[in-house]
Ligand code: KMH
Ligand code: ZN
């Protein structure tokens, strides 16, 4: 068992969100699309300190997809090369049906996201009406896939706790706070401190700061004992005007911040323990 008595020494989990569904090669040529590219980037992220990869799928031309065949092929190539934990998105892209979003859960990835509310998303709405959320949660339970509860706003924590009362989510759970997206909760340290204060004891959390909020929130999470998600899904830039050549460069930056703060990086087995995935 890990000794978690000293926050500053708790192993840090870094999740790499390597492609998302809303960023394309006209914004950055470094976004992976094919299973081979996604796997190659996942391995690079693992080699630079990531413990988990958050996956969306793309067709060859970059169109967002939730194809179980693509997820399966990508997972197979990754697993042949490295032990990084694999998390599927069930958010997919704006406008996808629940059936489409949840289909690949049958492949039993290590984890999958579960967004517990709707949020404005650019000019669109990322729709997660209560019956949709319950349906995805049920499918996750059916296949024994642990959720990462994805919160774009603080009310989504409350919604997750209601799901737990209804027996659809098991506590303690792991949460990811996506902060700083236009339409969602802001991306300051005060926003993060508020939303994390809502979690019941023993829940773990990570933060994904969008755009310019990515590294300041990562730095704060490292300091207060949280975990971090970075990657091209959330932010394309290593610094102002300089594109990251892949999510691995952002992972490397977080690894360096962790080292400077005295937080060791989690091994895969430590991450499994923190996330209650079973060994
Ligand atoms: N692409 C967004 C609409 C998730 O991965 O679970 C939803 C999203 C959340 O990215
Ligand atoms: Zn995502």
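Read-outs: derived from the displayed coordinates by stated rules, not from any lab. All of these numbers come straight from a predicted model, not from anything done at the bench. FYI the Cβ positions are ideal-geometry reconstructions off the backbone, even for glycines, and counts take in every protein chain you see.
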TODO: Report whether or not residue 249 is in contact with a strand residue (DSSP E or B) (Cβ under 9 Å, 6 or more places away or on another chain) and within 16 Å of ligand 1 (Cβ to nearest atom).
DONE: no
Task: Flag for residue 192 being closer than 21 Å to residue 55 by Cα and in contact with a helix residue (DSSP H, G or I) (Cβ under 9 Å, 6 or more places away or on another chain) - done: no
Task: Scope the stretch 114-136; condition crowded, with 23+ Cβ neighbours inside 10 Å and either under 21 Å from residue 76 (Cα atoms) or away from ligand 2 (no atom under 14 Å from the Cβ) (or both); matching residues - done: 116, 133
TODO: Determine whether residue 217 is in contact with a helix residue (DSSP H, G or I) (Cβ under 7 Å, 6 or more places away or on another chain) and under 26 Å from residue 45 (Cβ atoms).
DONE: yes
TODO: Might you let me know whether the stretch 192-200 holds any residue that is without any contact (Cβ under 8 Å) to a residue 12 or more places away in the chain, closer than 22 Å to residue 164 by Cβ and assigned to a helix (DSSP H, G or I)?
DONE: yes
Open item on the list: Is it the case, given these coordinates, that residue 170 is within 29 Å of residue 33 (Cα to Cα) and surrounded by fewer than 21 Cβ atoms within 10 Å (Cβ to Cβ)?
Closed with: no
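Please report, ordered by residue number, the strands (runs of 3 or more DSSP E) entirely within the stretch 80-151 with at least 2 residues that are within 11 Å of ligand 1 (Cβ to nearest atom) and more than 25 Å from residue 43 (Cβ to Cβ).
Counting at least 2 such residues, we get 111-115, 119-121, 124-126, 146-151.
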- [ ] Return the total of residues in the stretch 246-279 being in contact (Cβ under 8 Å) with a residue 60 or more places away in the chain, in a loop (DSSP other than H, G, I, E, B), surrounded by fewer than 17 Cβ atoms within 10 Å (Cβ to Cβ) and more than 18 Å from the chain's Cα centre (by Cα).
- [x] 2
Task: Scan of the stretch 78-91 for residues that are under 20 Å from the mean Cα position of the chain (by Cα) and free of Cβ contacts under 8 Å to residues at least 60 places away in the same chain, ordered by number - done: 78, 79, 82, 86, 88, 90
Open item on the list: Among the residues in the stretch 215-228, are any surrounded by 20 or more Cβ atoms within 10 Å (Cβ to Cβ) and part of a loop (DSSP other than H, G, I, E, B)?
Closed with: yes
Task: Selection within the stretch 45-60 - touching a residue at least 40 places away in the same chain (Cβ under 8 Å), away from ligand 2 (no atom under 16 Å from the Cβ) and crowded, with 21+ Cβ neighbours inside 10 Å - done: 48, 49, 51
Open item on the list: Tell me whether the stretch 29-44 contains one or more residues that are more than 16 Å from ligand 2 (Cβ to nearest atom), under 23 Å from residue 255 (Cβ atoms), in contact with a strand residue (DSSP E or B) (Cβ under 6 Å, 6 or more places away or on another chain) and touching a residue at least 60 places away in the same chain (Cβ under 8 Å).
Closed with: no
Task: Residue within the stretch 34-50 that is on the phi > 0 side of the Ramachandran plot and either touching a helix residue (DSSP H, G or I) at 6+ places or on another chain (Cβ under 8 Å) or assigned to a helix (DSSP H, G or I) (or both) present - done: yes
